[in-house]
Each structure stands twice: as structure tokens, then as C-alpha cells.
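The values are calculated or read from the model by the stated rules, or taken from the named source; none is laboratory data. Everything numeric here is computed off the predicted structure, so don't read it as measured data. Heads up, the Cβs are rebuilt from the backbone with ideal geometry, glycines too, and the neighbour counts pull from every protein chain shown. The protein model used for the area step is the full one, side chains on, heavy atoms only, and it has no ligands, DNA or RNA in it. Shrake-Rupley method; radii C 1.70, N 1.55, O 1.52, S 1.80 Å.
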Amino acid sequence: MPPKGAPRPVPAARNSLSTVKVTALAGGIGGARFLRGVKAALPEADVTVIGNTGDDIVLHRLNISPDLDTVMYTLGGGISAERGWGREDETFTVAAELKEYGVGPDWFGLGDRDLATHLVRTQMLAAGYPLSEVTAALCQRWRPGVRLLPMSDDRVETHVVITDEQGRRAIHFQEWWLRLRAGVPAEAIVSVGAADAKPAPGVVDAIAEADVVLLPPSNPVVSVGSILAVPGIRDAVRDTKAPVVGVSPIIGGSPVRGMADACLQAIGVETSAEAVGRHYGSRASAGEAKGLLDGWLVDTVDAGVTVPGARVVARPLLMTDLDATVAIVRAALELSGV
Ligand code: GDP
Ligand code: CA
């Protein structure tokens, strides 16, 4: 062991941080913003993104993968800067026409440019291509600069159990999130199809063979949690030789954006950086209790948080601009020790 504080030796296998293999498990907006920082911090790195497909929904017979598209558009330069999802310079003519027909739902934003992506995806899936190949084909246009893999080629959908005037029932996550704005308490959040799903080709290897695995500040329940619900992925993260570092999406007891608190409540986890870190758990814990993290990055307002068995470091975690995001990524890499 080198003395405390001594510079770490550079591993012999590579001569620069820039060539590291990074694997990240990402949801939509929070994940995509963080990944933009990963690319800027490590322009030469070999980055694999395992994207959440639990948000996927079929509308108007179209296969829509919102989180994959958010990552693809954000890293490929096509994202709406204002909304953080969907396309820049978007129009909503088709959505307005559907409304004139009284054909819903009206709570899901389907832009005209975005529709082309869904048409291509739907056509390729119908022709028999798996989602991973469809995603690769879509990325040939967008060139996100990362290898974007869906968590699974099998259909997995996050559903939310609620009780409303129609009684106790499960609705699609998108309906709960967008139509109800997560305002009706979630009694349970279920990954329908996850138990029978297999990780998409390359997913487990990307985790096993990474130099560092990152959990961006994505929603711990319906983004990272959905990915981990695919059998084999959680074990791959637990067992990889690479260090695993997570970044808290919760700052000072609140999500930075969105309603992650409503999701955490549904699984009985407090909305705090500490509770989310402990929910992920430490890889140092033994047996069944073995978790996912070697390091947990929290915001400076959450300094003092502990996750037994994991190193916790506090840094400013607001991704206000690219420079701030790059600093977060660098802190995560430093914490990982690569
Ligand atoms: P979604 O699929 O579009 O909801 O996006 P993700 O699941 O990838 O990310 C959502 C999470 O990102 C939310 O829980 C936010 O708290 C978190 N988030 C958004 N912006 C920031 C930020 O600037 N800093 C941190 N630490 N978290 C953020
Ligand atoms: Ca999402």
C-alpha cells in the first residue's frame, strides 16, 4: 500500500486516464446531462451507456423509448435545450391533429421531428430487429460518441399501482408521471416483464470489463432501479472488478428536478442522499447485503452523510453547465481511484 496521500501509480495497462473504459447506467435527463460531462472530461474514453427502457411505451402503435432517445439526442446534439427532452426546433402539428380527432393521450409530448425516430424504431422492430440493433441504427445518425445499449431487448414496462376513483389499479409509469405528475401516491412500482427479461447483448460484459462503473444522478427507482431489475445486471455491478461510484440525484433532501421523492416513497426509502446511498448499498457488505457502491458522491450540503462500507465524498453536484458537470465527473473518477 502506498502511504496515505501519495500519488497513485498509473496502471500499467494504459498510460492515460483518457483511454479508460467507462460504463454508466443511465435514465433520461439526469443521466444524459451527466454523460455529456463524461464525454467532455474524457474525450478519448470508451464509454458504454446502459439505458433504461422501463419508461418505454407504445402509443399509436409506435414504440417509444424516451430515455434512450434523451441520451441519444443530448449526446448527439439534437436535444431541446429548453425542455431537456425531445428535439430542438420541434413542432407539434401531428399532436394537434390527433387532438382534433379527439384521439389521446394528450399528456405525452409527441413532436413531429421526434415522430420520425419512433417510426424508424417501430418499423425495424416489426421487421424483427432487436431493440439493441435498432438503437445502434438510430445512433448512426446521431453519433452520440458512446455505445448506447438498452438494458434489455425484451419488453419491460414500469407500472405504478394507485388507487383513484376507478379503484386500485396499475397504470403505465408515463401516465402516472406525466398525466398525474406523480400526484397520486404510488402504492407500488412494478417492472412488468423484468423478471423474464435478459440483459441486452454486451450489457453484462460492459459492466464486467469496465475500468470504472458510474451510476449517474438518475432516478434511483424508475431509472437505475429499472435497469437493476433485469436479472443479471445487479450481480454484474456487484461482481465487477471495476470500482463503482454513484452520484446522488438528491440534494438537501429533494430531487433536483422531477418527482423522484414520490418514487422513493413508494419503495420506502427516505428522500435523502444518505438513504439513497444506503439503498444502493456498499459492495463491501457481505452476502445478501452486498450492495453496489464503492464510492458515493453527495452534494456539499449533504457533507457528513455515511454509507457503511463505501467512501462518501461531498462536492457541488448541481449540473448547472458543462464545466460544473465536468467537475462532478472528475470528482467521481477521483473517488473511484482510476
Ligand atoms: P429522467 O429519466 O428524465 O427522469 O432522468 P434521470 O432518471 O436520468 O434523472 C432524473 C434525476 O436527475 C432526478 O431525480 C434529479 O434529481 C436528477 N438531477 C437532475 N439535475 C440534476 C443536477 O443538476 N444534479 C444532480 N445531482 N441531480 C440532478
Ligand atoms: Ca426516464
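For region 241-260, a residue qualifies if it is within 21 Å of Ala314 (Cβ to Cβ) and more than 15 Å from ligand 2 (Cβ to nearest atom), and the qualifying residues are Pro243, Val244, Val245, Gly246, Val247, Ser248, Ile250, Ile251, Gly252, Gly253, Ser254.
Where residues in region 134-149 are without any contact (Cβ under 8 Å) to a residue 24 or more places away in the chain and over 13 Å from Ser65 (Cα atoms), which of them is surrounded by the most Cβ atoms within 10 Å (Cβ to Cβ)? The qualifying residue surrounded by the most Cβ atoms within 10 Å (Cβ to Cβ) is Ala136. Mind listing whichever residues of region 297-314 are closer than 13 Å to Ile251 by Cα, among the hydrophobic types (A, V, I, L, M, F, W, C) and surrounded by 17 or more Cβ atoms within 10 Å (Cβ to Cβ)? Across region 297-314, the qualifying residues are Leu297, Val298, Val305, Ala314.
Of these, Gly84, Gly77, which one is under 26 Å from Arg257 (Cα atoms) and within 13 Å of ligand 2 (Cβ to nearest atom)?
Being under 26 Å from Arg257 (Cα atoms) and within 13 Å of ligand 2 (Cβ to nearest atom) holds for just one of Gly84, Gly77, which is Gly84.
State yes or no: is Thr271 of a type in the set (Val, Ile, Thr), in contact with a helix residue (DSSP H, G or I) (Cβ under 9 Å, 6 or more places away or on another chain) and not in a loop (DSSP other than H, G, I, E, B)? No, not satisfied.
Counting only residues that are within 16 Å of ligand 1 (Cβ to nearest atom) and not aliphatic (A, V, I, L, M), region 194-243 holds 8 of them.
So, of the residues in region 60-86 that are among the small types (Gly, Ala, Ser) and surrounded by fewer than 23 Cβ atoms within 10 Å (Cβ to Cβ), which turns out to be farthest from ligand 1 (Cβ to nearest atom)? Full working, then the answer.
Initially, region 60-86 is screened for residues among the small types (Gly, Ala, Ser), giving 65, 76-78, 80-81, 84, 86.
Narrowing the set further to residues that are surrounded by fewer than 23 Cβ atoms within 10 Å (Cβ to Cβ) leaves 76-78, 80-81, 84, 86.
Details: Gly76: 16, Gly77: 18, Gly78: 16, Ser80: 13, Ala81: 14, Gly84: 7, Gly86: 11 Å.
The extreme case among them is Gly77.
Do you know which residues across region 247-304 are among the acidic types (Asp, Glu) and under 17 Å from Ala182 (Cα atoms)? Across region 247-304, the qualifying residues are Asp261, Glu270. Report every pair of residues separated by at least 6 positions or lying on different chains whose Cβ atoms are under 7 Å apart, first residue within region 183-206 and among the polar types (S, T, N, Q), second at pLDDT 95 or above and open to solvent by 30 Å² or more (accessible area, probe 1.4 Å). Every condition considered, the pairs that remain are Ser191/Ala229.
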